[in-house]
Amino acid sequence: MTKQVKQENDKCVYARKCGGCTYQGIVYEKQLEKKQGHVIHLLKDFGKVHDIIGMKDPYHYRNKVHAVFDRLRDGTIISGVYEEKSHRVVAVDECMIENKLADAIIASIRDLCKSFKIKIYNEDSGYGLLRHVLVRTGHASGQVMVVLVVSSPILPSKNNFVKALRKLHPEISTVVLNVNDKRTSMVLGERDIVLYGKGFIEDTLCDCVFRISPQSFYQVNPVQTEVLYNKAIKLAGLTGKERVIDAYCGIGTIGIIASKHAKEVIGAELNKDAVKDAIINAKRNGVKNIKFYNQDAGKFMAGMAKDGEKADVVFMDPPRSGSDEAFLSSVVKLAPKKIVYISCNPETMARDLEYLYKHGYQGRDIYPVDMFPFTEHVETVVMLSKV
Ligand code: SAH
């Protein structure tokens with residue numbers, strides 16, 4: 001196991017209330033052991049579970065920071081996270097896993113709300129304007145995107161607000177107003193209005209540049225994402241001759257990185273903004289052997305199977321809920337030699353691996369990667385080959 005930092009009783013002051021980091025107060029080395037044990041418990045029957053790959057510095061890794069805004073009875077504006085299983089806001093000024101600059105920007109926005117008399121949205125009454133702030137930072141590029149989630153599309157003196165914010169934080173590359181006028185627990189609404197800059201940021205992963213829009217999924221731990229992707233691509237053993245599928249491809253990261261080592265790549269993704277980003281990302285990186293489809297991955301694969309298409313390698317990286325039978329049964333019909341399954345939830349992964357096992361695939365190498373230090377979450381990549 002990699003050598004890790006040795007903080008004892010490394011406990012955050014918000015730990016009890018926030019509920020975000022369930023491994024607070026546990027030495028990092030022990031956190032890794034717990035995750036390793038969990039993955040072994042769930043996946044040991046599906047291949048060799050290698051040592052978990054941890055972080056050298058497990059702090060402030062989150063490149064995406066979300067803060068919900070609230071106003072106390074005395075008028076104080078607070079921002080932070082919802083208390084576990086409630087809609088009470090726990091005020092958080094600084095978090096040990098979040099990007100520091102993002103936290104500082106959010107604190108500045110709190111102050112600016114006062115001077116600009118911006119009303120904070122009240123969930124019960126539906127009155128007020130500012131609901132959430134989302135800050136995304138490019139780890140390699142240093143670019144910063146601020147998304148102000150508001151209940152109506154008009155931010156009073158918006159130009160001066162942006163100017164004041166940028167004066168405090170010149171690192172900010174773009175500011176977007178996201179309109180969420182629904183009574184919902186979803187953070188983002190559908191409409192984005194660019195107030196400053198390009199409306200997206202770019203970041204570099206594995207030598208490729210990626211554009212990230214407010215609505216697109218992007219891995220939250222950029223350091224470990226490179227570790228994960230490199231591992232996944234190595235496990236696929238590409239030679240340049242393969243036809244590859246990147247299912248649940250998001251903004252096309254894995255497929256675009258893999259495209260240099262493959263003949264052809266096909267990506268499928270449900271979120272239309274992510275697919276738009278993916279198409280632009282392919283162009284941006286001069287990749288010509290990749291195509292993206294904006295479709296449910298299961299339906300897409302079923303279509304491929306129906307048309308009698310084949311693939312040599314399938315990368316799949318579904319959300320926490322895992323994949324579904326439509327997808328898995330079609331993968332079996334496409335009969336790739338290798339499947340590289342990446343998952344942020346070993347429970348649903350175990351369920352899906354069971355299906356693939358029953359249908360002619362065998363797991364070889366299993367690598368847990370710690371993408372989420374101080375939380376109980378663990379990412380795992382598994383390579384399966386056709387028996
Ligand atoms: N591989 C990408 C994204 C992984 S996250 C990366 O590493 O960045 C999972 C992705 O699956 C998200 O982009 C989400 O929008 C997408 N998704 C969720 N349900 C889906 C479905 N039914 N079909 C296709 N994509 C789906």
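The values are calculated or read from the model by the stated rules, or taken from the named source; none is laboratory data. Computed from a predicted model, the values in this text were never measured in an experiment. Neighbour counts are summed over all protein chains in view; Cβ atoms, including those assigned to glycine, are modelled from backbone coordinates with ideal geometry.
Here is how the numbers come out for the structure above:
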item: Matching option when the condition is crowded, with 19+ Cβ neighbours inside 10 Å, in contact with a Ser or Thr (Cβ under 8 Å, 6 or more places away or on another chain) and among the β-branched types (V, I, T), among I251, I256; result: I251
item: V89 vs. criteria without any contact (Cβ under 8 Å) to a residue 60 or more places away in the chain and within 16 Å of K17 (Cα to Cα); result: yes
item: Any hit, region 289-312, residues being under 16 Å from M383 (Cα atoms), in contact (Cβ under 8 Å) with a residue 40 or more places away in the chain and away from the ligand (no atom under 12 Å from the Cβ); result: yes
item: Test: residue in region 154-165 that is away from the ligand (no atom under 15 Å from the Cβ), at pLDDT 95 or above and within 17 Å of the chain's Cα centre (by Cα); result: no
item: Any hit, region 200-218, residues being in contact with a Leu (Cβ under 8 Å, 6 or more places away or on another chain) and either assigned to a loop (DSSP other than H, G, I, E, B) or among the hydroxyl-bearing types (S, T, Y) (or both); result: yes
item: Residue identified as away from the ligand (no atom under 12 Å from the Cβ) and in contact (Cβ under 8 Å) with a residue 40 or more places away in the chain among D370, D352, D317; result: D370
item: Qualifying residue in region 222-236 (condition: more than 12 Å from the ligand (Cβ to nearest atom) and part of a loop (DSSP other than H, G, I, E, B)); result: no
item: Residue match in region 298-315 (condition: surrounded by 18 or more Cβ atoms within 10 Å (Cβ to Cβ), on the phi > 0 side of the Ramachandran plot, in the same structural domain as V381 (by TED's automatic domain parsing) and in contact with a Pro (Cβ under 6 Å, 6 or more places away or on another chain)); result: no
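Let's see how each residue does on (1) of a type in the set (D, E, K, R); (2) crowded, with 24+ Cβ neighbours inside 10 Å:
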| residue | (1), (2) |
| --- | --- |
| G322 | no, no |
| F327 | no, yes |
| S330 | no, no |
| E347 | yes, no |
| A350 | no, no |
| G360 | no, no |
| D365 | yes, no |
| P368 | no, yes |
